[in-house]
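Since the structure comes first, as structure tokens, the remarks are kept for the end.
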Amino acid sequence: MSNSVDFDPFARFRNATRARIGIGRTGDAMTTKSVLDFQLAHARARDAVHGAVDFATLASDLAPAQTVLVRSLAKDRSTYLTRPDLGRRPDPADLPKAGDRYEIAFIIADGLSAAAVQRHAAPVYKAAARRLGGFSLSPVILGEQARVAFGDEAAAAYGAQVAVVLVGERPGLSVPDSLGAYITFAPRLGCRDSERNCISNIHDDGLSYELAAEKIAWLVREALRLKLSGVDLKENASEVGLLDG
């Protein structure tokens, strides 16, 4: 009887990450399980990209917050994926011609993962809104076939000083439902990416809703106080409790 002990040197790494590490092989090929796992992950990523957000259900999940649906110039998913420029512009017909001015506008854009938006956007918004109770918030703008820059023009139409875009991030082979948040001071058509602060990897195995909301609220308050965002606004981790325990 053998007393040998099987030792997997990669086990401790796999316990710390969802990345494919030390997946093994059969001869000169991957194991059947590894191949099937990869195909499943790829299928989930494709479903996330091609999926559609149920905006009626999302609006219900966001209640009692008021919502407004704003479509981009990309009229369908195929156009959205092949014409990124159209996904960055809201349809003028869906925007208000004039109205109230707000300090903060939240935009929820489907982006490249409908699953991320459907699962995570409402709880992240509610957690962030609770922390921003002293500020005026516009109706939540639901962006259909929308990318990050879509929020600049949409928020400007509502006279917002800060835009917070919650968007489905491009899915990977380990996480198909990751949500991102982009904070921009003085949103307007033509904003550069360097003018935004980004918080990414909001999902069940990543950044929690509460911590993401805390970071969003801190960045929004600082953006309003300093009147800037992006590379000029540095997050102070101690301010959002990241150094506490």
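A 1.4 Å probe run over the protein chains yields, for the chain, 53 Å² of accessible area per residue, whole-number rounding. The share of accessible area on the chain that comes from carbon and sulfur is 51 percent, using a 1.4 angstrom probe. Each peptide among 138-150, 214-226, 178-190, 38-50 gets the average number of other Cβ atoms lying within 10 Å of its residues, and from highest to lowest they stand as 138-150, 178-190, 214-226, 38-50. Residues considered: 58, 207, 36. Largest GNM mean-square fluctuation over the chain, using C-alpha springs under 10 Å, is found at 36. Enumerate the aspartates and glutamates that residue 97 could reach by cross-link, defined here as Cα to Cα under 15 Å, with residues fewer than 8 away along the same chain left out. Cα-Cα hits under 15 Å: 153. Using just its DSSP H runs of length 4 or more, each adding -39500 (n - 2.57), the chain gives a mean residue ellipticity at 222 nm of -9000 deg cm²/dmol after division by all residues. Of all DSSP-defined beta bridges confined to the chain, some 45% are antiparallel rather than parallel. Once C-alpha pairs closer than 8 Å and six or more residues apart are averaged by separation and normalised to the residue number of the chain, the relative contact order reads 18 percent. Residues in the range 180-194 carry Karplus couplings, in order, of x, 10, 10, 10, 9, 7, 6, x, 6, 4, x, 4, 8, 4, 5 Hz; the curve used is 6.51 cos²θ - 1.76 cosθ + 1.60 with θ = phi - 60°, and Gly or Pro positions show x.
In summary, the range 1-88 shows an alpha-carbon radius of gyration equal to 1.85 times the 2.2 N^0.38 Å reference for compact globular proteins. For the listed peptides 119-130, 23-34, a ranking on the average number of other beta carbons within 10 Å per residue, highest first, reads 119-130, 23-34.
Rounded to the nearest 20 debye, the dipole size of the chain about its Cα centre is 320 debye, using +1 on the Cβ of Lys and Arg and -1 on the Cβ of Asp and Glu.
When the pairs 33/215; 75/215; 126/227 are compared against a 30 Å limit on Cα-Cα distance, 33/215; 75/215 fall above it.
Please report, to two decimal places, log10 I(q)/I(0) for the range 55-226 at q = 0.17 Å⁻¹ as given by the Debye formula with identical point scatterers on the Cα atoms and no solvent. Once normalised to I(0) and log-transformed, intensities are -0.98.
The values are calculated or read from the model by the stated rules, or taken from the named source; none is laboratory data. Computed from a predicted model, the values in this text were never measured in an experiment. Every residue, glycine among them, receives a Cβ derived from its backbone with ideal geometry; neighbour counts consider all protein chains shown. Surface areas here come from the heavy atoms of the whole protein model, side chains and all, with no ligands, DNA or RNA. Shrake-Rupley method; radii C 1.70, N 1.55, O 1.52, S 1.80 Å.
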